[in-house]
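The values are calculated or read from the model by the stated rules, or taken from the named source; none is laboratory data. Because the structure is a prediction, the values reported are computed rather than measured. Virtual Cβ from ideal backbone geometry, glycine too; neighbours counted across all protein chains shown.
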Amino acid sequence: MAITPTPTPDPDGEIREAMAALYASIKTVQCRHECGEGACGPVDMTAWERKEIFLHTGILIPAPTERWKKLWRQDVRAVKIPTPTGHQWMDLHCPAYRDNRCAVYDYRPLICRVWGAGRGEFACRAGCATEGKRYHIEEVFRLTLRASVITGEMTPEAAESIMADLTDPRVLPSLRRYGASVPGALKELDAAVAGLLRGPESNR
């Protein structure tokens with residue numbers, strides 16, 4: 001009697017299928033590849049997306065530190081990093097951005113797919129068109145949190161808790177001002193979230 005082999009579980013295959021569906025749900029941006037030299041800086045993404053990009057393209061995109069992202073927002077484009085022989089300058093541009101084009105475009109992470117389909121901070125600097133209304137920043141966060149849940153880097157409960165905080169009426173106005181690149185909005189947002197986490201006593 002023939003024995004039917006038990007299928008081997010393929011977690012990556014399941015994740016890849018779920019991520020493909022998430023990517024397909026994102027509004028389409030008619031990219032003209034005219035981002036310019038200062039467009040792509042330190043890129044946040046899930047560890048799974050980082051691994052996928054490396055497996056398919058051989059390009060390793062380092063996980064950015066908060067310091068790198070802050071410096072990029074201040075128009076700093078390189079930092080000194082320690083090495084075994086001293087220090088060397090490291091370019092903060094995304095290493096996949098080459099010759100004014102993304103070298104990993106077909107495998108780009110969710111955050112890059114949303115770029116240009118959002119408002120303010122996530123609006124396309126080159127003016128590329130997108131289908132329908134652009135995402136508010138809380139919708140961008142919802143998509144990125146969904147990616148973290150799919151890849152197993154965050155529990156659904158944790159993602160729901162974060163979204164509940166971000167969309168709380170005491171926080172959402174500051175979040176949207178941050179998303180619109182209003183000066184000082186990040187500090188305002190930090191204060192609003194801190195007040196929310198402290199609870200009712202913070203309003204006394």
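Just a few scattered comments:
- The one condition in (1) under 21 Å from Glu121 (Cβ atoms); (2) at pLDDT 75 or above that Ala39 fails to fulfil: (2)
- Here the range 111-160 is the region considered, the condition is being without any contact (Cβ under 8 Å) to a residue 12 or more places away in the chain and not in a loop (DSSP other than H, G, I, E, B), and the residue that is nearest to Ala180 (Cα to Cα) is Ala123.
- Scanning the range 101-110 for residues that are assigned to a loop (DSSP other than H, G, I, E, B) and surrounded by fewer than 16 Cβ atoms within 10 Å (Cβ to Cβ) yields a total of 0.
- Filter result for Val104 (under 29 Å from Val76 (Cα atoms) and β-branched (Val, Ile, Thr)): yes
- Residue check for Asp99: charged (D, E, K, R) and touching a residue at least 24 places away in the same chain (Cβ under 8 Å): no
- You will find that of Thr155, Thr83, Thr151, the residue that is of a type in the set (S, T, N, Q) and either closer than 21 Å to Gln30 by Cα or not assigned by TED's automatic domain parsing to the domain that holds Leu189 (or both) is Thr83 and no other.
- Among the residues of the range 175-193, those identified as farther than 19 Å from Ala123 by Cβ and modelled with pLDDT of 90 or more are Glu188, Ala191, Ala192.
- Test: residue in the range 164-172 that is at pLDDT 85 or above, among the hydroxyl-bearing types (Ser, Thr, Tyr) and touching a strand residue (DSSP E or B) at 6+ places or on another chain (Cβ under 6 Å): no
- Subset of the range 170-185 [on the phi < 0 side of the Ramachandran plot and under 17 Å from the mean Cα position of the chain (by Cα)]: Leu175, Arg176, Tyr178, Gly179, Ala180
- Residue, nearest to Arg146 (Cα to Cα), within the range 162-192, restricted to residues that are surrounded by fewer than 17 Cβ atoms within 10 Å (Cβ to Cβ) and basic (Lys, Arg): Arg170
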